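Below is one structure, written out as structure tokens, with a few remarks after it.
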Amino acid sequence: MTETWPPEAMIPAALGYATNRLHTLLRGFLPAANLNRPRGAQGRFTMDNSNGDKTRSENIRRVQELTGEQAPLIDFTFSNISNLQKAMLDATPDCIKLLGADGNLAMMNRTGCIALNVDEHGPFGMPWIPLLPEDIQAAGRAALARAAAGQSARFPGRSETDAGTLFWDNLLTPMIGQDGEVHQILCVSRDVTSQTVLERELEDAVAREHLLAREMHHRIKNLFSLVAGLVFIADRETGGDGSSALALNLHEKLRALSRASDVAFVGAESLPAGQPVDLGNLVRALLAPYGERCEIVEQAATVPPGVVTTLALVFHEYATNSIKYGALGTAGGRVTVRWTESDGVLAFTWIETGAAIEVPDEDRQGFGTQMVERMVRAAGGRISRLWRPEGLIADLYLPIRH
């Protein structure tokens, strides 16, 4: 029959469950009291001692099968099985702890003892939370309270050892008796040091990239201001007063380029969180420095802030290359930009006409082109280009997810 979980069986039973998670074959070696997951109670475990003699006989038969007929018959008593389980738990790199519902440490495997600087031979019984670093204890207490209330809980941890700092992913699972009460809590801590270190290095690298981008943006803005000032100086030195049509036109184009660089370098960071951006306004701002030589055939659409920087860099690169090699660098050359949106995918077309250029080798790509292609691929999009004597045709496909 099904019994209320006896206190003397708690530790071996918990060891049985934890060991079972390490290797499926161990299920045959579990003691007469087996751990079963009741239907509809995720993360909770109860005791069933209804088939003790049958389970013991089955254990012995499995051992004979695994060791051969000549092997001696081993009587896996409750004590022997517990020792085997403990040996297997000590072999795992995971830190496995059995806690009372009050948070006191009932047992811990060798890895856990090393991580928390506890004598692996015991005695145990001390509170678990004070063994954690002070800045981790609040998260540990919150997780322990949830587990004591019958819910699985998880929190990130850290420990200091002779080998250095280790980072842990702690999972607490309540073990509930037939009386519906939490008798003990199983805590399995997985070493995630390599993953955590890698994530922190990546965060540091991204922060450095943002800092460099801001520094570059700052210097470019200063350069635009410097050139704009030189335009007025040059106009005065040639007999003007700084307000000639040429000086004012060039100054306005420099201001437009400065605004376009704001979008390219700052992008979504300057926008309200989560607010979509009108695509027509964005493209007009990016192409404003080139005046009426750029025609925009637009369809009403908005884009999420996350793709603004990608679009800005793409159009900035196309326009720059067009001035250097294509239609915008040729008298009478023009650019037409059109787009459509369907099923969450934006399809852009950049068409240059009126140029007279030598078709370049498509295998040769500058740094800017390579950078743009990598950014578009990272956003899940793709670019195709066709060079013609009259200019470039480029198609950009970019998924948008609001």
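Taking segment 33-143 and the strands (runs of 3 or more DSSP E) fully enclosed by it, the elements with 1 or more residues that are modelled with pLDDT under 80 are at 34-36, 46-48.
A quick yes/no check of all residues on (1) closer than 21 Å to Ala148 by Cα; (2) crowded, with 16+ Cβ neighbours inside 10 Å; (3) touching a helix residue (DSSP H, G or I) at 6+ places or on another chain (Cβ under 9 Å):
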| site | (1), (2), (3) |
| --- | --- |
| Asn83 | no, no, no |
| Met88 | no, yes, yes |
| Pro93 | no, no, yes |
| Leu99 | yes, yes, yes |
| Gly103 | yes, yes, yes |
| Met108 | yes, yes, yes |
| Leu116 | no, yes, yes |
| Asp119 | no, no, yes |
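The set of residues in segment 262-283 that are part of a helix (DSSP H, G or I), at pLDDT 75 or above and not β-branched (Val, Ile, Thr) comprises Leu279, Gly280, Asn281, Leu282. Ala145 meets all of the listed conditions (1) without any contact (Cβ under 8 Å) to a residue 12 or more places away in the chain; (2) loosely packed, with under 12 Cβ neighbours inside 10 Å but one, namely (2). Against the numbered list (1) farther than 17 Å from Leu99 by Cα; (2) modelled with pLDDT of 90 or more, Leu202 comes up short only at (2).
Among the candidates Thr353, Thr320, Thr369, which residue alone is hydroxyl-bearing (Ser, Thr, Tyr), more than 21 Å from Arg259 (Cβ to Cβ), outside the structural domain of Phe224 (by TED's automatic domain parsing) and more than 31 Å from the chain's Cα centre (by Cα)? Exactly one residue qualifies, and that residue is Thr353.
Any residue in segment 109-132 that is aromatic (Phe, Trp, Tyr) and either within 31 Å of the chain's Cα centre (by Cα) or not assigned by TED's automatic domain parsing to the domain that holds Asp169 (or both)? Among the residues of segment 109-132, at least one is aromatic (Phe, Trp, Tyr) and either within 31 Å of the chain's Cα centre (by Cα) or not assigned by TED's automatic domain parsing to the domain that holds Asp169 (or both), which makes the answer yes.
Residue pairs whose Cβ atoms lie under 9 Å apart, sitting 6 or more positions apart in sequence or on different chains, and linking a residue in segment 159-171 that is in contact (Cβ under 8 Å) with a residue 24 or more places away in the chain and closer than 26 Å to Ala145 by Cβ to a partner that is of a type in the set (S, T, N, Q) and part of a strand (DSSP E or B), are Ser159/Thr165; Ser159/Ser189; Leu166/Ser159; Phe167/Ser159; Trp168/Ser159; Trp168/Ser189; Asn170/Ser189.
Taken together, the residues in segment 317-348 that are within 19 Å of Thr369 (Cβ to Cβ) and basic (Lys, Arg) amount to 1. Sub-7 Å Cβ pairs linking a first residue in segment 212-229 that is surrounded by 15 or more Cβ atoms within 10 Å (Cβ to Cβ) to a second residue that is among the aliphatic types (A, V, I, L, M) and in a helix (DSSP H, G or I), at least 6 apart or interchain, are Phe224/Leu254; Phe224/Leu257; Ala228/Leu254, ordered by first then second residue.
Restricting to segment 218-261, count the residues that are assigned to a helix (DSSP H, G or I) and at positive phi.
0
Are any of the residues in segment 322-329 under 19 Å from Val277 (Cα atoms) and in contact (Cβ under 8 Å) with a residue 60 or more places away in the chain? No - not one qualifying residue is present in segment 322-329. In this structure, Ile383 qualifies as over 18 Å from Val297 (Cα atoms) and in the same structural domain as Leu282 (by TED's automatic domain parsing).
For segment 306-352, the candidate set comprises residues that are touching a helix residue (DSSP H, G or I) at 6+ places or on another chain (Cβ under 9 Å) and of a type in the set (D, E, K, R); within that set, the residue that is surrounded by the most Cβ atoms within 10 Å (Cβ to Cβ) is Glu352.
Keeping to segment 103-136, report how many residues are more than 13 Å from Ser189 (Cα to Cα), in contact with a Leu (Cβ under 9 Å, 6 or more places away or on another chain) and not aromatic (Phe, Trp, Tyr). Qualifying residue count, segment 103-136: 11. Scanning segment 387-401 for residues that are within 16 Å of Ala301 (Cα to Cα) and surrounded by 14 or more Cβ atoms within 10 Å (Cβ to Cβ) yields Leu396, Tyr397, Leu398, Ile400.
Quick one: which of Ile383, Ile351, Ile400 is in contact with a strand residue (DSSP E or B) (Cβ under 6 Å, 6 or more places away or on another chain), modelled with pLDDT of 90 or more and over 13 Å from Phe315 (Cβ atoms)?
Step by step, each of Ile383, Ile351, Ile400 is checked, and only Ile351 is in contact with a strand residue (DSSP E or B) (Cβ under 6 Å, 6 or more places away or on another chain), modelled with pLDDT of 90 or more and over 13 Å from Phe315 (Cβ atoms).
Can you tell me which residue in segment 163-211 is surrounded by the most Cβ atoms within 10 Å (Cβ to Cβ), limited to those that are outside any loop (DSSP other than H, G, I, E, B) and of a type in the set (Gly, Ala, Ser)? The qualifying residue surrounded by the most Cβ atoms within 10 Å (Cβ to Cβ) is Ser189.
The values are calculated or read from the model by the stated rules, or taken from the named source; none is laboratory data. Note that the coordinates shown come from a computational prediction; the quantities given were computed from them, not determined experimentally. Every residue, glycine among them, receives a Cβ derived from its backbone with ideal geometry; neighbour counts consider all protein chains shown.
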